[in-house]
Structure formats: C-alpha cells, structure tokens
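What follows is a short report on a single structure.
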Amino acid sequence: MSDPTYTPPKVWTWDSESGGRFANINRPIAGPTHDKALPVGKHPIQLYSLATPNGVKASVMLEELLAKGHKGAEYDAWLINIGEGDQFSSGFVEANPNSKIPAMVDHSEQPALRVFESGSILLYLADKFGEFLPKDLAGRTEAMNWLFWQMGSAPFLGGGFGHFYAYAPEKYEYPINRYTMEVKRQLDVLNRQLADNRYIAGDEYTIADMAIWPWYGALVKGLVYDAAEFLEAHTYTHVVRWADEIAKRPAVQRGRMVNRTWGEPSSQLHERHDASDFDTKTQDKIGGQSGS
C-alpha cells in the first residue's frame, strides 16, 4: 500500500507499476505504439469504439438517426479494445490524436472527415442530419448548455469518483469523499432540472440526453461502479424517471449493445456492420422504434 503521507517529489517521474485497473495502458505520452491501419467497411460512416459511457453516445445517436429514416447514417462499428491498447495503433491515432474512444470517420465527405470526442460526434451528426438539436436559438442554446455541462462534469464522475471508488488499488477516505460530494451535487443539479422538464433540455429529446444518459442514467440504475446504494441514487427520483424513459427507447437499446463485450451474451454486439446484425431474438426483445 502506498504511503498516505506521500510528498510529491520536485520532479515527477513515470512509475509504470503504479497499479490500478488501467495501469497497463496509462502513460504520460501521446502518439502510436504500433503500426496498424483501421479497417473500413461498406458504409459512409465508420465508427471505432467500445461500449463505455462515452462510446455508447455515438452508437445511440447513429441508431436514433437510422430509426428516423436517415439512410446516410448507416455505419460500420469496429471494436476498439482499450484494455489491449487498440487505441494506440497508428490508424486510430490518425483518427483521434488523443487516443480515446469513440472516433468516427465520415467517408461521405471528400476528403473523408475525422470526428473525435463524443460531444463533437453528437454535434456533428445532429448538424449533418438536422435531428435531435432544436432549430430555434433558445432551444439549441439550452441543449448545448447541457451537452457542455456533461463534457465538464463527467470527468469528475469517471476519472474522479469512479477511479477512486471502484478502480484505485487502495481505498482512501479523502478522494472518495471529495468526489462523492461532487457527484451527488451533480445528481442534484440534474434532479432539479428534470423536476420541471421531461428531458434534459426541455420537452424535446436531444443530443444532451444522449450525452448524459450513458453516464448518469447508468449511475442511478447501478450499471456503473456498483454505487447506486452508496450514492442513495433512488432519492434522485426525477433522474431515475428520466433514466428509465430513455432506456425504453429501442434505438437506445440497440446502441447500447454495439461494441459491447461484457454482460449477458444477448446484450452484446461486438461489431455492427448491418441492421441485420441485431439478430431475430434481439429484435423481438427490443421491438420497433418508439415515439419521441
């Protein structure tokens, strides 16, 4: 166990044996570790991802667009195994210099456009297809407010609370208490907003919901970090109501399966190259597209 009275040295040096669940892939430098081109399928949009909360945002958006009838949103979803360091291949680094999933390449544009960062992908697709982002200035601004709220808030949930509560090699009171306090504050922010609104930005389902639900919806339903009881998630009743409503959307159910490699086999679709990849059993389970 590390020393709780640790004093930072004058100059920090990289300890590759520092421990933690992701110690084997964490490093203080960028760039590729190996040469490997990204595969390219038959559809205009190529998604390179894993079904983490950030990855789910992109696949949900694409499935929602397809459910709306946008054939140009057809996509291939290729599995990026971040535990094995796939995100450090030369091809992936070319698509996203930050080596984080998801990354997307749109081959319907010439030259092909790379789009990285999950919020940027959501905004790009909303603008490209004219969906899930209000057209009026006030509505668009409110949705964007909450989209950027998620971009700034989720690192405290994932890299802060999630790391120290679930993944750190040692459990220390100070960081767990510090980040628990912040996550509960964030849940209260959402709960107050959803007390007067069906969806995050108002009465319309938008990319703000798609950004926030994979993190905070999963959190209150006990699907990440196994922390629902610890956080008294059931007390955030409006967040729970909203999380349940979003989870019933068939496109969300499909999007959550894409590039998923854990959980019940019926919940996994390691790669997605056609709508038919969701087999008959799965289609029967999730049914047709619901309303907005």
Any chance region 59-72 includes a residue that's in contact (Cβ under 8 Å) with a residue 40 or more places away in the chain and under 30 Å from residue 169 (Cα atoms)? no
Among the residues that make up region 174-182, is at least one of them touching a Ser or Thr at 6+ places or on another chain (Cβ under 9 Å) and among the β-branched types (Val, Ile, Thr)? no
Being exposed (fewer than 12 other Cβ atoms within 10 Å of the Cβ) and aliphatic (A, V, I, L, M) is the filter here, so list the residues in region 131-178 that pass it. 137, 138
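Using the structure shown, decide if residue 175 is out of contact with any Lys or Arg (no Cβ under 8 Å at 6 or more places or on another chain), modelled with pLDDT under 95 and either within 22 Å of residue 220 (Cα to Cα) or of a type outside the set (A, V, I, L, M, F, W, C) (or both). Can you show your working first?
Numbers: out of contact with any Lys or Arg (no Cβ under 8 Å at 6 or more places or on another chain): yes; modelled with pLDDT under 95: no; either within 22 Å of residue 220 (Cα to Cα) or of a type outside the set (A, V, I, L, M, F, W, C) (or both): yes.
Considered against the rule, which asks whether it is out of contact with any Lys or Arg (no Cβ under 8 Å at 6 or more places or on another chain), modelled with pLDDT under 95 and either within 22 Å of residue 220 (Cα to Cα) or of a type outside the set (A, V, I, L, M, F, W, C) (or both), residue 175 comes out as no.
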Within region 214-234, count every residue that is closer than 17 Å to residue 147 by Cα and free of Cβ contacts under 8 Å to residues at least 40 places away in the same chain. 1
Which residue pairs have Cβ atoms closer than 8 Å, lie 6 or more positions apart in sequence or on different chains, and pair a first residue in region 253-278 that is at positive phi and touching a residue at least 60 places away in the same chain (Cβ under 8 Å) with a second residue that is part of a helix (DSSP H, G or I) and surrounded by 14 or more Cβ atoms within 10 Å (Cβ to Cβ)? 259/55; 259/59
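Could you tell me whether residue 56 is among the β-branched types (Val, Ile, Thr), out of contact with any helix residue (DSSP H, G or I) (no Cβ under 8 Å at 6 or more places or on another chain), touching a residue at least 60 places away in the same chain (Cβ under 8 Å) and under 30 Å from residue 207 (Cα atoms)?
no
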Check 69, 91, 83, 55 and return the single one that is in a helix (DSSP H, G or I) and closer than 18 Å to residue 255 by Cα. 55
Got a number for residues in region 17-53 being exposed (fewer than 10 other Cβ atoms within 10 Å of the Cβ) and at pLDDT below 75? 1
In region 150-259, which helices (runs of 4 or more DSSP H) lie fully inside it and hold 1 or more residues that are within 16 Å of the chain's Cα centre (by Cα)? 207-212, 237-247, 250-257
Collect the residues in region 198-226 that are more than 25 Å from residue 121 (Cα to Cα), of a type outside the set (Lys, Arg) and surrounded by fewer than 18 Cβ atoms within 10 Å (Cβ to Cβ), keeping them in residue-number order. 222, 226
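Does residue 108 qualify as being outside any strand (DSSP E or B), in contact (Cβ under 8 Å) with a residue 60 or more places away in the chain, of a type in the set (S, T, N, Q) and crowded, with 19+ Cβ neighbours inside 10 Å?
Details: outside any strand (DSSP E or B): yes; in contact (Cβ under 8 Å) with a residue 60 or more places away in the chain: yes; of a type in the set (S, T, N, Q): yes; crowded, with 19+ Cβ neighbours inside 10 Å: no.
No, not satisfied.
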So is residue 76 out of contact with any helix residue (DSSP H, G or I) (no Cβ under 8 Å at 6 or more places or on another chain) and closer than 26 Å to residue 130 by Cβ or not? yes
Can you name the condition, by its number, that residue 249 falls short on among (1) surrounded by fewer than 20 Cβ atoms within 10 Å (Cβ to Cβ); (2) under 23 Å from residue 63 (Cα atoms)? (1)
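The values are calculated or read from the model by the stated rules, or taken from the named source; none is laboratory data. Everything numeric in this text was worked out from a predicted model, so none of it was measured. Note that we place each Cβ from the backbone using ideal geometry, even for glycine, and neighbour counts take in every protein chain shown.
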